[in-house]
Amino acid sequence: MNTAPIRLTTSFSAGLAILAGAAAADPDAELVINDEIQIITRAEAPAHLEGALPEIRSGWTFRTRETQALQMDDFENPGLSAAEMAIETWETAEGSAGKSCADCHGTVEEGMRGVRAVYPKWVESAGEVRTIEMQINDCRTNRMGAEEWKYIGSDMVNMTALIASVSRGLPMNVAIDGPAREMWEKGKEIYYTRVGQLDLSCASCHEENYDNYIRADHLSMGMTNGFPTYRLKNTRLIAVHDRFKGCMRDTRGVPFDIGLPEFVALELYVASRGNGLSVEGPAVRN
Amino acid sequence: MEFTRRGAIAISAGFAAALMLPTRAARAAIDEQIAAFTGGAEVGSGGITLTTPEIAENGNTVPIEVDAPGAEEILVLASNNPTPEVATFRFGPLAGKQKAATRVRLAGTQDVIAIARMGDGSFVQAANEVKVTIGGCGG
Amino acid sequence: MAQDVKPRVRVPKTASAGGSVTIKTLISHRMESGQRKDSDGNLIPRSIINRFTVEFNGQNVIDVDLAPAISTNPYFEFEAIVPETGDMKFTWYDDDGSVYEDVQSITVA
């Protein structure tokens, strides 16, 4: 159980890292979207981390200047084009009840401001911790009489992007106590468990090696305040569970399944590591 | 199977170095494109600014800008993409500046080349190397 | 007509006569390069926006030929002179023959 392999890689890339770090990224840059939405990209580490991180930083602070610029203006942010497509869906009646989201929730701004900041959360009426996707599907099937959306399909990710966008600036604040505690503890355990042929846990990269390079990727702290995220690599919006799955697959192990309790628990835990950072979604990342 | 991490790094370094050189075929394709654009005329330098990042975060979306005051047309090529053409900008009478920005795909580290045909029929060129990294852990 | 192709443009609503304004345009389009292979190993055919033109009251501002090397969701930023009040017309041409348009009015103060 050693981290020597990763250190070897980073020492090899040290030359490139120094060049890349100095030339391209500015960790102290400030993020203000559209000259009006102030985004907290660095904050005090939440108490529950018990000193595991000296501070918490949004993934935005690890990206090159060019990538950072794409998020500073709603027009430039390709993730927002996708979110805009969801506005029409929001206003369109669907399902046997003949209702649209707007019929119950009003405009997205009215109905959804503050929502992204507190999810995943314990939903008393359902007796479980839910992600926004689970809550959307519950509304669709039980209240609209419409069909469930595929968890990481484009309908769902466009809608979660829209819902996130109206909370931008608000600090993430997921509850980790009370009925959510059990799931949170489970998520924490998953976070620190090494998996796969490469024997890596989330912490191996995002806690022990953030700011280092793994081959040519500049490792962030793995925060989820920017999700769903427009990834330049995929040129589309990516949901949290989609990213979790990819990360696990890259350890050369068998990932957990999208939408199932392990990833829900992990999402709750990872979100809590970012409590205090602003909601940024849809963010732009590499 | 003996597969040390050092071995893996050495192999990937060699591979990456190899990728930096345009193939003979790519060089020929570029020369052909430039000759077609200039009609074989001499290409000077100066009077054209090509702005590109030093290192592209991801080869899928690389922001570039070309600016050549007085140009009628600017051709942009990528020296080591599967095909070199990127875009051709033609500026009309209502262009505020002979300047344009866009986002391009680069298949690997290579030169981005911009050639402008100026109002007086002359040609000028600028080229920048853009480093495009192969990600480590894309997910 | 390709799926979900949506143009958006950012144009100032007013300008001074003869002044220059910055214009940004984006169109959501996959820009299938023709280089990718599907899961069976077959090449996915090229399908891109191949041309983009901008006109103001019938006069040309910019005319761009796009190659597959232009990124997904083609983005362009450029400057235009606004001699008088009028309409800025944006046109994108798709390989499949579709033509997408957007028109924005600019008022000269």
Set C:S105, C:S20: member being away from chain B (no Cβ under 13 Å), farther than 30 Å from B:A107 by Cα, touching a residue at least 60 places away in the same chain (Cβ under 8 Å) and of a type in the set (S, T, N, Q): C:S105
Residues satisfying the stated conditions in the range A:54-74, i.e. of a type in the set (A, V, I, L, M, F, W, C) and surrounded by fewer than 16 Cβ atoms within 10 Å (Cβ to Cβ): A:A69
Counted residues, the range B:90-121 - those being of a type in the set (G, A, S), within 18 Å of B:Q33 (Cα to Cα) and in a strand (DSSP E or B): 2
So C:Q35, is it polar (S, T, N, Q), out of contact with any helix residue (DSSP H, G or I) (no Cβ under 9 Å at 6 or more places or on another chain) and modelled with pLDDT under 95: yes
Number of the condition not met by A:R168 [criteria: (1) free of Cβ contacts under 8 Å to residues at least 12 places away in the same chain; (2) within 19 Å of A:M85 (Cα to Cα)]: (1)
Residues being among the small types (G, A, S) and touching a Gly at 6+ places or on another chain (Cβ under 7 Å) - total across the range A:258-279: 2
Criterion: over 23 Å from A:G274 (Cβ atoms) and within 14 Å of chain B (Cβ to nearest Cβ) - qualifying residue of A:E66, A:E110, A:E124: A:E66
Search result, residues across the range A:166-218 that are within 18 Å of the chain's Cα centre (by Cα) and in a helix (DSSP H, G or I): A:M183, A:W184, A:G187, A:K188, A:I190, A:Y191, A:C202, A:A203, A:C205, A:H206
Among residues of the range A:107-151, those that are among the β-branched types (V, I, T) and in contact with a Pro (Cβ under 7 Å, 6 or more places away or on another chain), counted: 2
C:A15 surrounded by 20 or more Cβ atoms within 10 Å (Cβ to Cβ), at the interface with chain B (Cβ under 9 Å from one of its Cβ atoms) and out of contact with any Phe, Trp or Tyr (no Cβ under 7 Å at 6 or more places or on another chain): no
Number of positions in the range C:73-90 that are facing chain B (nearest Cβ under 7 Å) and among the hydroxyl-bearing types (S, T, Y): 1
Residue among B:A107, B:A29, B:A18, B:A56 that is modelled with pLDDT under 95, closer than 20 Å to A:A69 by Cβ and of a type in the set (G, A, S): B:A56
Matching residues in the range B:87-102 - criterion: being within 25 Å of B:G59 (Cβ to Cβ), buried (at least 24 other Cβ atoms within 10 Å of the Cβ) and in contact with a Pro (Cβ under 9 Å, 6 or more places away or on another chain): B:T102
Test set (1) more than 10 Å from chain B (Cβ to nearest Cβ); (2) at positive phi - C:N57 fails condition number: (1)
Residue match in the range A:76-87 (condition: free of Cβ contacts under 8 Å to residues at least 24 places away in the same chain, in a helix (DSSP H, G or I) and buried (at least 17 other Cβ atoms within 10 Å of the Cβ)): yes
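Which ranges mark the strands (runs of 3 or more DSSP E) fully within the range C:44-109 that have 1 or more residues being of a type in the set (S, T, Y)? I'd like the intermediate steps shown before the answer.
Values: elements: C:49-56, C:59-66, C:75-82, C:86-94, C:99-108.
Qualifying strands (runs of 3 or more DSSP E): C:49-56, C:75-82, C:86-94, C:99-108.
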Subset of the range B:67-89 (residues that are under 11 Å from the mean Cα position of the chain (by Cα), more than 8 Å from every other protein chain (Cβ to nearest Cβ) and assigned to a strand (DSSP E or B)): B:L75, B:V76, B:L77
Residues (within 14 Å of chain B (Cβ to nearest Cβ) and of a type in the set (G, A, S)) located in the range A:229-286: A:A239, A:G246, A:G253, A:A283
Filtered residues of the range B:35-63 (kept if within 17 Å of the chain's Cα centre (by Cα), of a type in the set (A, V, I, L, M, F, W, C) and more than 10 Å from chain A (Cβ to nearest Cβ)): B:A35, B:F37, B:V43, B:I48, B:L50
Pick from the range A:106-157, criterion under 15 Å from the mean Cα position of the chain (by Cα) and aliphatic (A, V, I, L, M), ranking: surrounded by the fewest Cβ atoms within 10 Å (Cβ to Cβ): A:V118
Residue match in the range B:125-139 (condition: under 30 Å from C:A17 (Cβ atoms), assigned to a strand (DSSP E or B) and of a type outside the set (V, I, T)): no
Out of B:V76, B:V62, sole residue that is buried (at least 21 other Cβ atoms within 10 Å of the Cβ) and within 18 Å of C:F52 (Cβ to Cβ): B:V76
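The values are calculated or read from the model by the stated rules, or taken from the named source; none is laboratory data. For clarity, every value in this text was computed on a predicted model and none was experimentally measured. With ideal geometry, Cβ positions are generated from the backbone for all residues, glycine too; neighbour counts draw on all protein chains shown.
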